[in-house]
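For reference, the structure discussed in these notes is given below.
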Amino acid sequence: MSRRVAGLVMAGGMARRMGGGDKPLLRLGDATCLQRIVDRLCPCCVAMAVSANGDPARFAACGLPVLPDAIAGVGPLAGVLAGLEWAAGQGCDVLVTVPGDTPFIPHDLVPRLLPAPSFAASGGQRHSLVAAWPVGSRALLARQLDGVTPETRRELTRVRTLADALGARGVDFAVPPGGPDPFMNINTPADYAVARRHAGD
């Protein structure tokens with residue numbers, strides 16, 4: 001069965017360990033992290049968007065819609081919910097999410113994550129936000145987030161909680177000899193230096 005897939009780059013992190021700013025806009029070679037991710041997702045997606053709060057103009061160069069969180073203060077799942085609602089409006093039945101600081105995602109990420117629900121894994125580590133979500137799961141996610149209280153916040157705002165509730169399967173991706181891990185993310189200046197070396201800077 002053919003699937004209409006939408007792609008969402010999750011660009012909402014605070015980048016505290018990087019001293020602030022937008023990690024997706026860090027340059028690697030002749031492109032930003034964001035552009036590298038978009039270039040790899042676009043061939044497999046009928047629609048693309050960026051999940052981010054604040055002034056959307058800072059992402060104008062990518063030419064994609066910028067989606068603010070659907071609910072404040074619940075972390076990345078708020079962006080996933082906004083993305084699912086947007087994807088439904090695009091006539092899509094699957095949403096693939098990728099963090100905006102993972103510039104080395106595989107070219108075959110989307111086809112390997114189908115059918116949804118699924119998440120990526122590599123090197124023995126689970127990457128819950130590199131995932132394919134059924135657009136029809138947005139009602140379940142909305143109910144999960146509606147249940148957030150001070151006592152339940154830790155559990156109900158975890159991306160893994162949604163994936164487990166949906167029975168998502170893990171899809172393992174090999175780490176090539178010499179790296180980088182396909183889902184390496186840039187959290188610190190040291191990570192950025194490593195990423196630049198892998199990108200040939």
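The values are calculated or read from the model by the stated rules, or taken from the named source; none is laboratory data. Bear in mind that the values here come from a model prediction, so they are computed numbers and not experimental data. Cβ: placed from backbone, ideal geometry, glycine included. Neighbour counts: every protein chain shown. Just so you know, the surface numbers come from the protein's heavy atoms only, side chains and all, with ligands and any DNA or RNA stripped out. Shrake-Rupley method; radii C 1.70, N 1.55, O 1.52, S 1.80 Å.
Numbers for the structure displayed
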item	result
Of (1) 15.9, 52; (2) 16.0, 46; (3) 19.6, 59, the label for Rg and Dmax of the Cα atoms in Å derived from the coordinates	(2)
Cα centre as origin, Lys/Arg/Asp/Glu Cβ charges: the chain dipole, Debye	160 debye
Spacing of the two label points (7 Å from each Cα toward its C-beta) at N53 and A31, in nm	2.9 nm
Percent accessible area from carbon and sulfur atoms, the chain, protein chains only, probe 1.4 Å	53 percent
Gained length - L114 relative to V194, 0.36 nm times residue gap less alpha-carbon distance	25.8 nm
Heavy-atom accessible area per residue - the chain, 1.4 Å, Å²	46 Å²
Over the chain, relative contact order from alpha-carbon pairs under 8 Å, at least 6 apart, %	24 percent
Shape category assigned to the range 85-167 from the gyration tensor of Cα positions, a/c cut at 1.5	oblate
Förster radius 25 Å - calculated FRET efficiency between N187 and E155, Cβ distance, rounded to 0.05	0.60
Rounded FRET efficiency, nearest 0.05, which uses the C-beta distance separating E85 from A165 and R0 of 25 Å	0.85
In Hz, Karplus ³J(HN,Hα) per residue of the range 163-178 (6.51, -1.76, 1.60; θ = phi - 60°; x = Gly, Pro)	4, 5, 4, 8, x, 4, 9, x, 10, 8, 10, 6, 8, x, x, x
